[in-house]
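Take a look at the structure set out below.
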Amino acid sequence: MEKTNLAVFISGRGSNLKAIIDAIKDGYLEKVNLKVVIANKEAHGLKYAKEANVPYHVVYRIVKGEKIQKEQHDREVMEVLEKYNIHLIALAGYDQVLQKEFINRYRWKIINIHPSLLPSFSGTLHGQKDAIEYGVKVSGCTVHFVEESVDAGPIITQFAVPVKDEDNDETLSNRILEYEHIIYPKAIKMFSEGRLRLDGRKVMIKKDMNVEKVTTFRFESDKIKIAMGAIGVSKGVFSTFMEKAEPFVLSVNDITSREATIIKQEMLALGGECAIPEDTILNSTLLPISVLVIGNKMQIKKLIKKLKAQPFDLPLVADKISKKMGRTI
Ligand code: GRF
């Protein structure tokens, strides 16, 4: 399937633009080409386009102190867009209402993110402050198609966020923003997969019929990180999952059967394994043996801790394992 050529429109901070750029980098938006970023002023968020080498254009709304008429400005923007064969426009903090001609030209190809649960607190640039002043207990964010009436197009997805008694404009905005950064790429992904269908005012989301129900991975750290990015796992918790995903098989040599039995018990208690020679339990000869410790990185880390508190030479074994694993632990 052909990729979706995306244009993002911004006027300010650009954190949603950044979330989209990151989602493309992580492979989550694998069917999206970010073709161009458009701003109507020197927006701070342009820095993300520059950093990612995405073409950007500032189509100034105010020229020499004079505001350009909205229709005229829209036309100038359309001229820029024509060069890029755009399939989808994502408004991300674009502080200007698009006019009829523009919306007609890109009908059902323009989406917007709004920091409230629409239709509440629509048509404003300070939905979060209004929500606090109104005293609502739940707010959130909405991604919707853009129609002529502001913030009123069919809703693609929403996320509800609690409003706390002690919230102010800033704390609530930040909490909502966190989820904006999740649902906006999600909505763009569904669009790019052709899964959105309009049924009157309703946006129906088609199931992905092509999806392979189960896929498997060999442990290759880079590939697993890409896979985590692709399903939208937050980067901050990658390492926790990696520790459980990374397999280790260690040969521990020259130990006694008693030590081997303790290692096996500890590994079983941790959900891992330890392969031992068949006659270990009966081994009365006290001949040194070797065992294979089988587990993931997290289990081995825990084993090291446990062995440090065990008798015989097990603290020494713990030390050796720890050294052997070196910087991987
Ligand atoms: C976001 O809160 C968005 O919902 C609203 O404008 C804000 C833009 O923030 N439409 P950013 O520029 O993406 O950081």
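Using a simple charge model, +1 on the beta-carbon of Lys and Arg, -1 on the beta-carbon of Asp and Glu, nothing else, what dipole does the chain show about its Cα centre, in debye to the nearest 20?
Numbers: 49 positive and 42 negative charges, 89 e Å.
For the chain, the charge dipole is close to 420 debye.
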Calculate one ³J(HN,Hα) per residue across the stretch 256-262 by plugging θ = phi - 60° into the Karplus curve 6.51 cos²θ - 1.76 cosθ + 1.60, and present them in order as whole Hz with x for glycine and proline. 8, 5, 5, 5, 4, 5, 5
Under a Cβ-only charge scheme (Lys and Arg +1, Asp and Glu -1), can you give me the dipole magnitude of the stretch 8-127 about the Cα centre, in debye to the nearest 20? 60
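So what's the back-of-envelope 222 nm ellipticity for the chain, counting only DSSP H runs of four-plus at -39500 (n - 2.57) apiece and dividing by all residues, rounded to 500?
Values: 11 runs with 124 residues, N = 329.
Computed ellipticity for the chain at 222 nm equals -11500 deg cm²/dmol.
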Taking just the C-alpha trace of the chain, give me its Rg and Dmax in Å. 27.9, 96
Dipole of the stretch 236-329, positive direction: furthest Cα of GLN265, PHE312, SER239, with charges on the beta-carbon: SER239
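Can you give the alpha-carbon Rg of the stretch 139-253 over 2.2 N^0.38 Å, where N counts its residues?
1.47
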What residues qualify as long-range amide H neighbours of GLY93, i.e. H under 5 Å apart, gap of 5 or more or another chain, H built at 1.01 Å from N? ILE113
Lys and Arg at +1, Asp and Glu at -1: add these up for the other residues within a Cβ distance under 10 Å of ASP169 and post the number. -3
Fraction of the pair-distance distribution of the stretch 197-329 above 21 Å, Cα-Cα pairs, percent: 54
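If r is the Cβ-Cβ distance from LYS41 to GLU79 and R0 is 22 Å, what FRET efficiency results, to the nearest 0.05? If you can, show how the numbers build up before the last one.
Working: r = 18 Å, r/R0 = 0.82.
Step by step, r from the Cβ atoms, then E = 0.75.
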Provide, for q = 0.19, 0.24 Å⁻¹, the log10 of I(q)/I(0) from a solvent-free Debye sum over equal Cα point scatterers in the stretch 221-288. -0.77, -1.01
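Quick check on the stretch 134-207: take the gyration tensor over C-alpha atoms, sort the square-rooted eigenvalues as a ≥ b ≥ c, and tell me if it's rounded (a/c under 1.5), prolate or oblate. Present the calculation step by step, with values, prior to reporting the outcome.
Numbers: a/c = 2.69, a/b = 1.87, b/c = 1.44.
Prolate, because a/c is 1.5 or more and a/b exceeds b/c.
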Angle in degrees between helix 70-82 and the longest Cα principal axis of the chain, rounded to the nearest 10: 50
Helix 15-25: angle to the longest alpha-carbon principal axis of the chain, degrees 0 to 90, nearest 10? 50
Extension reserve of the THR240-GLU101 stretch, reckoned as 0.36 nm per residue once the Cα distance is removed: 45.0 nm
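With all distinct Cα pairs included, what does the Kirkwood hydrodynamic radius of the stretch 1-127 come out to in Å, to one decimal, could you say? All intermediate terms of the calculation are to be shown ahead of the outcome.
Values: mean 1/r = 0.0661 Å⁻¹.
In the stretch 1-127 this quantity evaluates to 15.1 Å.
Pairs of Cα atoms under 8 Å, at least six residues apart: use those to get the relative contact order of the chain, whole percent.
Details: 540 pairs, mean separation 41.6, N = 329.
That works out to 13 percent.
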The stretch 26-92, dipole about Cα centre (Lys/Arg Cβ +1, Asp/Glu Cβ -1), debye to the nearest 20: 180
If one compares the long axis through the Cα atoms of helix 297-308 with the longest principal axis of the Cα atoms of the chain, the angle in degrees, nearest 10, works out at 40
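Please work out how much length the chain gains when fully extended from THR215 to ASP169, using 0.36 nm per residue of separation minus the C-alpha to C-alpha distance, in nm with one decimal.
On the way: separation 46, 0.36 × 46 = 16.56 nm, distance 4.37 nm.
Computed gain between THR215 and ASP169 is 12.2 nm.
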Counting DSSP beta bridges with both partners in the chain, what percentage is antiparallel, nearest 5? 60
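Rule-based calculations on the coordinates, nothing more; no lab input. Predicted model only: the values in this text are computed from it and were never measured. Please note: Cβ atoms are built from the backbone with ideal geometry, for glycine as well, and neighbour counts cover all protein chains shown.
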